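Inspection log for the structure reproduced underneath, given as structure tokens.
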Amino acid sequence: MNTKKIDDQIRDYYASQGPAPHTVARLKQMIRSGAQVRPRRRTWLGMAAALAIVLTTLIWTAAHRVESPQHVAATIARQAALAHNEKQELEFRVASCAELQRQMKSLDFTLIEPAMMKEMNMRIVGARYATLAGEMAAQILYVDSHGVPCTLFEARPADQLARVVAGEHQVDGVRVSVWKEKGLVMVLARPMA
Amino acid sequence: MKAFKPANRPHEVPDGIDELLEHSYRYAFSLAHDAIEAEDLLQDACVSILASGGSWEQAYVFATIRNRFIDRYRRNRKILFLSLDLEPEGSEINHSDLNWSGPDVLQNGQLSQALASLRAEEREALFLAVVEGYTAQEIAGLTARPRGTILSLLYRAKAKLRDLLRKQQVLP
């Protein structure tokens with residue numbers, strides 16, 4: 001068996017780690033368009049932390065076993081509810097979905113405004129990049145006419161998300177709707193009435 | 001410490017940004033020991049630097065990542081950074097004694113498992129010293145810890161790694 005100094009092995013180990021190319025491209029794009037980033041609201045930081053942990057758990061789980069469609073839906077519902085409760089910092093602040101489409105250039109799909117948001121007279125506030133079951137997603141903040149926030153995730157239905165089933169979930173006082181619209185998976189978290 | 005040339009204009013991509021993002025990701029990975037979380041930490045740090053108009057120098061980016069890491073674990077009520085201030089500070093340690101040779105364990109993931117068993121602060125010190133080549137004094141400056149504590153951390157991390165690899169029967 002080959003032997004090697006432990007320091008060299010540690011260097012080799014970390015050299016083998018690196019960000020995904022699409023992440024680097026997205027971050028460089030974000031730095032280029034840095035003017036669009038507004039000062040952070042501290043309340044959004046917690047959601048970033050919580051979502052990262054939930055996503056880690058979710059992706060680890062996804063990588064190690066094939067989940068049933070119901071289980072995938074329940075898992076992303078929990079993730080969306082947690083993200084909704086925790087609040088995360090927005091990377092983009094916009095006044096319309098069209099403006100957001102122009103700004104979130106690193107998404108591998110085109111954002112849409114779900115019909116439900118128009119019907120509910122929801123107003124878009126902003127968004128951030130996120131992941132949903134390991135897929136790149138947009139996490140979009142809407143508010144209703146009373147200023148009550150809702151969190152919408154949009155993602156391409158790839159891998160596990162392809163098998164997700166539509167339904168309603170209730171998690172930690174949050175009502176989560178999962179459905180597909182115009183070829184995208186939609187997950188909407190809002191306070192229970 | 002390595003320094004990257006800052007951008008001339010506020011939103012110009014700084015020179016050497018690819019290298020900086022790679023180094024920063026690896027630093028985040030040394031803290032979290034998780035690829036997804038490391039990417040999230042890096043993204044959070046970039047957003048924070050953009051929002052505050054901060055510097056794109058490596059030490060500043062590392063410090064931002066570190067603060068994000070501490071914030072998120074505090075919020076989740078996990079205690080990953082334990083104070084070593086009450087423990088005796090390490091005397092000058094001959095690190096060549098700790099750079100032992102052993103079977104190449106990288107291939108089968110045993111090194112990854114062993115590193116995962118270390119505390120975040122031990123992995124961090126090890127990464128900064130061994131991979132980034134920072135001196136104990138520089139690490140002390142970056143992490144706001146006494147130099148002696150950094151030497152203790154490095155000694156302990158290497159000793160733990162050796163014990164863990166022995167338990168895995170990788171080392172005699």
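The values are calculated or read from the model by the stated rules, or taken from the named source; none is laboratory data. None of the values given here were measured: they were computed from a predicted structure. Note that we place each Cβ from the backbone using ideal geometry, even for glycine, and neighbour counts take in every protein chain shown.
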Problem - So A:ALA95, is it farther than 20 Å from A:ALA20 by Cα, buried (at least 19 other Cβ atoms within 10 Å of the Cβ) and either of a type in the set (Gly, Ala, Ser) or in contact (Cβ under 8 Å) with a residue 60 or more places away in the chain (or both) - result: no
Practice task
Looking only at the range A:99-111, decide whether some residue is over 18 Å from A:GLN29 (Cα atoms) and surrounded by fewer than 21 Cβ atoms within 10 Å (Cβ to Cβ).
Solution key: no
Practice task
Having 1 or more residues that are within 11 Å of chain A (Cβ to nearest Cβ), at pLDDT 90 or above and closer than 23 Å to B:HIS23 by Cβ is the bar; report the helices (runs of 4 or more DSSP H) wholly within the range B:105-158 that clear it.
Solution key: B:110-117, B:120-126
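For (1) at pLDDT 85 or above; (2) aliphatic (A, V, I, L, M); (3) farther than 20 Å from A:LEU27 by Cα, each residue gets a yes or a no:
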site	(1), (2), (3)
A:ARG123	yes, no, yes
A:ARG128	yes, no, no
A:THR131	no, no, no
A:GLU154	yes, no, no
Practice task
Scan the range B:51-70 and report the pairs whose first residue is among the β-branched types (Val, Ile, Thr) and whose second residue is assigned to a loop (DSSP other than H, G, I, E, B), with Cβ atoms within less than 9 Å and a gap of 6+ or a chain change.
Solution key: B:VAL61/B:PHE4; B:VAL61/B:GLY54; B:VAL61/B:SER55; B:THR64/B:GLY54; B:ILE70/B:LEU80; B:ILE70/B:PHE81
Completion exercise
Given the conditions (1) part of a helix (DSSP H, G or I); (2) under 21 Å from B:ASP40 (Cβ atoms); (3) modelled with pLDDT of 85 or more, every one holds for A:GLN160 apart from (3)
Handout entry: Given (1) of a type in the set (A, V, I, L, M, F, W, C); (2) crowded, with 16+ Cβ neighbours inside 10 Å; (3) under 14 Å from B:LEU31 (Cβ atoms), index of the condition B:LEU111 fails
Key = (3)
Problem - The one condition in (1) closer than 21 Å to A:ILE59 by Cβ; (2) free of Cβ contacts under 8 Å to residues at least 40 places away in the same chain that A:GLY147 fails to fulfil - result: (1)
Exercise for the section: Select from the range A:150-193 the residues that are in contact (Cβ under 8 Å) with a residue 60 or more places away in the chain and among the basic types (Lys, Arg) and list them in ascending order. Expected result: A:ARG163, A:LYS182, A:ARG190
